[in-house]
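Here the structure comes first, spelled out in structure tokens, and everything after it is commentary.
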Amino acid sequence: MNRFAKLGLAAALALGLAAATGARAADEPNNDGHGLTPSRQSWSFAGPFGAFDQAQVQRGFQVFREVCAVCHSARNLSFRNLSQEGGPEFTEGQVKALAAEYQIKDGPNDAGEMFERQGRPADRFPWNYPNAEAAKATLGALPPDLSVMAKARSYSRGFPMFLLDAVIQYQEHGVDYVYALLNGYSNPKDLNHNDYFPGGKIAMAKPLTDGQVDYTDGSPKTVQQYSKDVSSFLMWMAEPKLEERKHTGFKVMAFLILFAGLLYLTKKKIWADAH
Ligand code: HEC
């Protein structure tokens, strides 16, 4: 074997070794204190043709509103967003009725006083707490705002899988994590133990239990289903224009392919007599 062949072989072996050690199976514990690696879920909004499952994000909103919003804020969400295209798409009437169920702080009025009034579609979704300190004092830790949570968290799959994720444009790490987190309370005796939370101890006690949210469309009332639905809803909140972006991307690609074909035909025609 000559020197170059040997070098090549060594490099190939090193790469293979790195690949073998780097590719961790999902849900395997890693010992760097980051919690388990979430496993991948199949999401309707993944891939180049992905779109939100409207019934699912509607249910997800129900879970968010009845459970998560007791503690968490969603500063970027206005009621009217809930009727916009590409999301839960509630009717404008439904959104008006929903907003009216909330009391919104407004003001000051002519007398310089703040006052409460019925919510309107243009209002932002209100937070249950007046400020972060109040939430911290009650809950022991600050519940992070959920507006962009589905994109703010991620997990590493190590080399070489993270390269593959970049190539296939896998963008669902965040929702995989939220789903895993909500299902990660594995110790019934310790409701603050979570397998997927860094360090394993989370200030958010297990927020979901079977049967807690009353679905009216016949979907299973299980923690798994709630988590899947609310994670999808969080993904929509984090990227309300996801469908539009994917449609545009597809149109651009289709155009480029068509354009390349036309260019090729033009080239053939122009050079047809040149031989
Ligand atoms: C009783 C209050 C409460 C409820 C209800 C609640 N949370 Fe939390 N949540 C918290 C607190 C407090 C934290 C901060 C935990 C910490 O830092 O240890 C948190 C943290 C989180 C995190 C961030 C974890 C991380 O990686 O930092 C996510 C995601 C989350 N909650 C999602 C949800 C969802 C989705 C729901 C509804 C199904 C929900 N929470 C319901 C209080 C709550």
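Any idea of Met253's accessible area? Nearest 10 Å², probe 1.4 Å.
Number for this one is 110 Å².
Which of rounded, prolate or oblate describes segment 140-275 when judged by the alpha-carbon gyration tensor and an a/c cut-off of 1.5?
Prolate shape, in that a/c is at least 1.5 and a/b is the bigger ratio.
Using all Cα-Cα distances in the chain, what percent lands in each 5 angstrom bin from 0 up to the longest?
Percent of pairs per bin, in order: 1, 5, 9, 12, 14, 13, 11, 9, 7, 6, 4, 3, 2, 2, 1, 1, 0, 0, 0.
To the nearest 10 degrees, how steep is helix 242-270 against the longest Cα principal axis of the chain, on a 0 to 90 scale?
For helix 242-270, the angle is close to 30 degrees.
Report, by chain and number, residues whose modeled amide H sits under 5 Å from the one on Ser78, excluding near sequence neighbours (fewer than 5 apart, same chain).
When sequence neighbours closer than 5 places are left aside, the close amide H contacts are Phe125.
Grab the DSSP H runs of the chain that are 4 residues or longer, score each as -39,500 (n - 2.57), total them, divide by all residues and round the 222 nm result to the nearest 500 deg cm²/dmol. Can you show the working numbers first?
Details: 9 runs with 116 residues, N = 275.
Mean residue ellipticity at 222 nm (helix-derived): -13500 deg cm²/dmol.
With θ set to phi - 60° and the Karplus curve 6.51 cos²θ - 1.76 cosθ + 1.60, what are the ³J(HN,Hα) couplings of segment 207-221 in order, to the nearest whole Hz, using x for Gly and Pro?
Per residue, the Karplus-derived 3J(HN,Hα) values read x, 10, 9, 4, x, 5, 10, 8, 6, 9, 9, x, 5, x, 8 Hz.
Alpha carbon centre of segment 149-195 versus segment 235-262: separation in Å?
26
Within 11 Å, Cβ to Cβ, of Phe49, how many net charges do the neighbouring residues add up to if Lys/Arg are +1 and Asp/Glu are -1?
Cβ neighbours under 11 Å give a net charge of 0.
Report relative contact order for the chain in percent, whole number only (criteria: Cα-Cα under 8 Å, sequence separation at least 6).
Across the chain, relative contact order equals 25 percent.
Once you have the Cα-Cα distance between Ala51 and Tyr102, take 0.36 nm times their residue separation minus that, and quote the gain in nm to one decimal.
Gain on stretching Ala51 to Tyr102: 15.4 nm.
Working out 0.36 nm times the residue gap between Leu142 and Asp217, then minus their Cα-Cα distance, what length gain in nm do you get to one decimal?
Roughly 23.6 nm would be gained on extension.
Of the candidates Arg65, Arg157, Arg117, which one comes out as most mobile in a Gaussian network treatment of the chain with C-alpha springs shorter than 10 Å?
Arg117
Could you tell me the calculated FRET efficiency between Asn131 and Lys201, based on Cβ-Cβ distance and R0 = 30 angstrom, to the nearest 0.05?
That pair, Asn131 with Lys201, gives E of 0.75.
What is the sum of charges around Gly87, taking Lys and Arg as +1, Asp and Glu as -1, for the other residues whose C-beta is under 12 Å from the C-beta of Gly87? Can you show the working numbers first?
Values: positive: Arg80, Lys241; negative: Asp53, Glu85, Glu89, Glu239, Glu243, Glu244.
Residues close to Gly87 contribute a combined charge of -4.
Can you give me the C-alpha center-to-center distance between segment 201-233 and segment 97-117, rounded to a whole angstrom?
32
Which of Phe64, Phe90, Phe255 ends up with the largest GNM mean-square fluctuation for the chain, with Cα atoms connected below 10 Å?
Phe255
What percent does the relative contact order of segment 42-176 come to when contacts are Cα pairs within less than 8 Å and at least six residues apart?
25
Which of Ala74, Ala180, Ala254 moves the most in a Gaussian network model of the chain with Cα springs under 10 Å?
It is Ala254.
The values are calculated or read from the model by the stated rules, or taken from the named source; none is laboratory data. Treat the numbers as computed from the prediction; the structure is a model and nothing was measured. Quick reminder, even Gly has a Cβ in these numbers, built from the backbone with ideal geometry, and neighbours come from all protein chains shown. Areas reflect the complete protein model, heavy atoms only, side chains present, ligands, DNA and RNA absent. Shrake-Rupley method; radii C 1.70, N 1.55, O 1.52, S 1.80 Å.
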